[in-house]
Amino acid sequence: MKRTQVVIVGAGPAGLLLGQLLHREGIDTLLLERRSAEYVAGRIRAGVLEPGTVNVLEHAGVATRLHAEGLVHEGVEIGFRGRRHRIDLKALTGKSVTVYGQTEVTRDLMEARAAAGMLSVYEAEDVALHDVGGNTPRVSFRHQGVVHEVACDFIAGCDGFHGISRRSIPAESLSVSERVYPFGWLGVLADTPPAWHELIYANSEQGFALASMRSPTRVRCYVQCDLTERVEQWSDERFWAEFRLRLGGEIGARVPDAPSIEKSIAPLRSFVAEPLRFGRLFLAGDAAHIVPPTGAKGLNLAVSDVFYLSEALRDSYREVPGERAERALDAYSTRALRRIWRAERFSWWMTRQLHRFPGDAFDSRLQHTELEYLFESRAAQVSMAENYVGLPL
Ligand SMILES: Cc1cc2nc3c(=O)[nH]c(=O)nc-3n(C[C@H](O)[C@H](O)[C@H](O)COP(=O)(O)OP(=O)(O)OC[C@H]3O[C@@H](n4cnc5c(N)ncnc54)[C@H](O)[C@@H]3O)c2cc1C
């Protein structure tokens, strides 16, 4: 291939879904991914889908298995000082969330892309972007020892936080806001039926824990850990003992020592690079922003970004090149950033209320007061619930 309309860099959920949405608009794409298809399909990450995300996946034609296998949750629980408080998402907002692993979303999108005959190059090495600020954008890469260069109209940088797209924009054209948290999440995936019905976010004396699941037979559980710790220091027995302690109560007592099938430590970070457009290059998903996972927003934001981007590209192709087409393209950054910052605020707020922070008694009392207010005030619960199920797209 010497030319395509849109080159998409990165086959995470953002890149794969963008390709699918553009395909349905009759726009051609080439997808370039650094890793192998097997690696991408096996990567364990997020798992809570907002109703808006489910709608976009339906619109993209990839929601059949999601509806058959996804678990609909009408509430979440918050554990604090030995008690559990349920936030009734359905009663408070009329909406629920769907538990369906990012791995499954990825698999559905990869299958749809292959079935539609869209071109993807996995194990693309040395991907480099050229003339992104000018009129002849191109992408070069090496595959199986051969160097290729593809000309295009636009480049979608969907290559995650460590990708090359954001780094291809001159620093002076990008404004960066960042907060790094003084702890990480140690996550374990295990094949055992969950001892809980809905996700439990626990703020305990020992630190945060999250009881989550991916299916009726598979759990995904996390504990807040020190950033200096390494996965090898955490045997399965040590993890489950700590998790039981933090979860507490009769549910904690029912958690078995299930062997882990994946175990990893992820640092927590809030990050936004803006604007999301530089010339012919657009950033989407983790390439542009990171949220701490406490609000379950990372995957959902990747989906809303590419939904907006697909509309902007579609609208610009419908115009003759000129001012109106440029305005359609500019609309992407403005629309997406509004939603991104709201998710950043909510993810920061959830993180702030649920973790143990190094700080003084004042910080700690404020956290307790905030949680007590949440448990007692319907207005506070509505605010949390409407953010958790996701603000409208
Ligand atoms: C370890 C981890 C755990 C997470 N857990 C949760 C969670 O529990 N809950 C939650 O809500 N969110 C979680 N997230 C966040 C969520 O998974 C991400 O927000 C989501 O994956 C973003 O999708 P994306 O497509 O933008 O980026 P990614 O999924 O990161 O995809 C980017 C793709 O680009 C590829 N790439 C990178 N560089 C290049 C290059 N130079 N050339 C070509 N391709 C390249 C990568 O290999 C990758 O396939 C987690 C993230 C991580 C990293």
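The values are calculated or read from the model by the stated rules, or taken from the named source; none is laboratory data. Just so we're clear, the structure is a prediction, and the values are computed from it rather than from any experiment. Neighbour counts are summed over all protein chains in view; Cβ atoms, including those assigned to glycine, are modelled from backbone coordinates with ideal geometry. SASA here: full protein model, heavy atoms, side chains in, ligands and nucleic acids out. Shrake-Rupley method; radii C 1.70, N 1.55, O 1.52, S 1.80 Å.
Results, tabulated for the structure shown:
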read-out: Considering residues of region 237-262 that are farther than 26 Å from residue 349 by Cα and among the basic types (Lys, Arg) only, the residue most open to solvent (accessible area, probe 1.4 Å); value: 254
read-out: Residues (outside any loop (DSSP other than H, G, I, E, B), over 14 Å from residue 268 (Cβ atoms) and in contact (Cβ under 8 Å) with a residue 40 or more places away in the chain) located in region 222-235; value: 231
read-out: Region 302-356 - residue that is open to solvent by 60 Å² or more (accessible area, probe 1.4 Å) and hydrophobic (A, V, I, L, M, F, W, C) and, of those, farthest from the chain's Cα centre (by Cα); value: 320
read-out: Matching strands (runs of 3 or more DSSP E) fully within region 83-158 where at least 1 residues are open to solvent by 30 Å² or more (accessible area, probe 1.4 Å) and within 30 Å of residue 214 (Cα to Cα); value: 83-87, 119-121
read-out: Subset of region 9-25 that is among the aliphatic types (A, V, I, L, M) and more than 21 Å from residue 144 (Cα to Cα) - its residue that is farthest from the ligand (Cβ to nearest atom); value: 22
read-out: Some residue of region 83-96 being hydroxyl-bearing (Ser, Thr, Tyr) and closer than 30 Å to residue 375 by Cα; value: yes
read-out: Matching residues in region 150-167 - criterion: being without any contact (Cβ under 8 Å) to a residue 40 or more places away in the chain and either more than 9 Å from the ligand (Cβ to nearest atom) or within 13 Å of residue 281 (Cα to Cα) (or both); value: 167
read-out: Filter result (more than 26 Å from residue 370 (Cβ to Cβ), open to solvent by less than 20 Å² (accessible area, probe 1.4 Å) and part of a strand (DSSP E or B)) within region 159-203; value: 188, 189, 190
read-out: Conditions (1) closer than 26 Å to residue 276 by Cα; (2) open to solvent by 30 Å² or more (accessible area, probe 1.4 Å): number failed by residue 50; value: (2)
read-out: Which numbered condition residue 248 fails, given (1) within 16 Å of the ligand (Cβ to nearest atom); (2) touching a residue at least 40 places away in the same chain (Cβ under 8 Å); value: (1)
read-out: Meets criteria (part of a loop (DSSP other than H, G, I, E, B), crowded, with 18+ Cβ neighbours inside 10 Å and among the β-branched types (Val, Ile, Thr)) for residue 219; value: no
read-out: Count of residues meeting criterion [more than 7 Å from the ligand (Cβ to nearest atom) and in a strand (DSSP E or B)] in region 26-52; value: 4
read-out: Whichever residue in region 295-325 is modelled with pLDDT of 95 or more and among the acidic types (Asp, Glu) and, among such residues, is nearest to the ligand (Cβ to nearest atom); value: 305
read-out: Residues of region 53-69 classified as within 15 Å of the ligand (Cβ to nearest atom) and open to solvent by 10 Å² or more (accessible area, probe 1.4 Å), total; value: 2
read-out: Selection from region 357-389 of residues that are under 23 Å from the mean Cα position of the chain (by Cα) and not aliphatic (A, V, I, L, M); value: 383, 386, 387, 388
read-out: Boolean, residue 206 is open to solvent by 30 Å² or more (accessible area, probe 1.4 Å), in contact with a Leu (Cβ under 8 Å, 6 or more places away or on another chain) and not hydrophobic (A, V, I, L, M, F, W, C); value: yes
read-out: Checking residue 282 against (1) open to solvent by 10 Å² or more (accessible area, probe 1.4 Å); (2) more than 8 Å from the ligand (Cβ to nearest atom); (3) part of a strand (DSSP E or B), the condition it does not meet; value: (1)
read-out: Near pairs, Cβ below 6 angstrom, 6+ apart or cross-chain, from region 32-45 (at negative phi) to any residue that is part of a loop (DSSP other than H, G, I, E, B); value: 32/124; 33/11; 33/122; 36/122; 36/123; 37/122; 40/11
read-out: Boolean, residue 271 is open to solvent by 10 Å² or more (accessible area, probe 1.4 Å) and within 12 Å of the ligand (Cβ to nearest atom); value: yes
read-out: Any hit, region 168-175, residues being under 28 Å from residue 103 (Cα atoms) and either within 15 Å of the ligand (Cβ to nearest atom) or at pLDDT 95 or above (or both); value: no
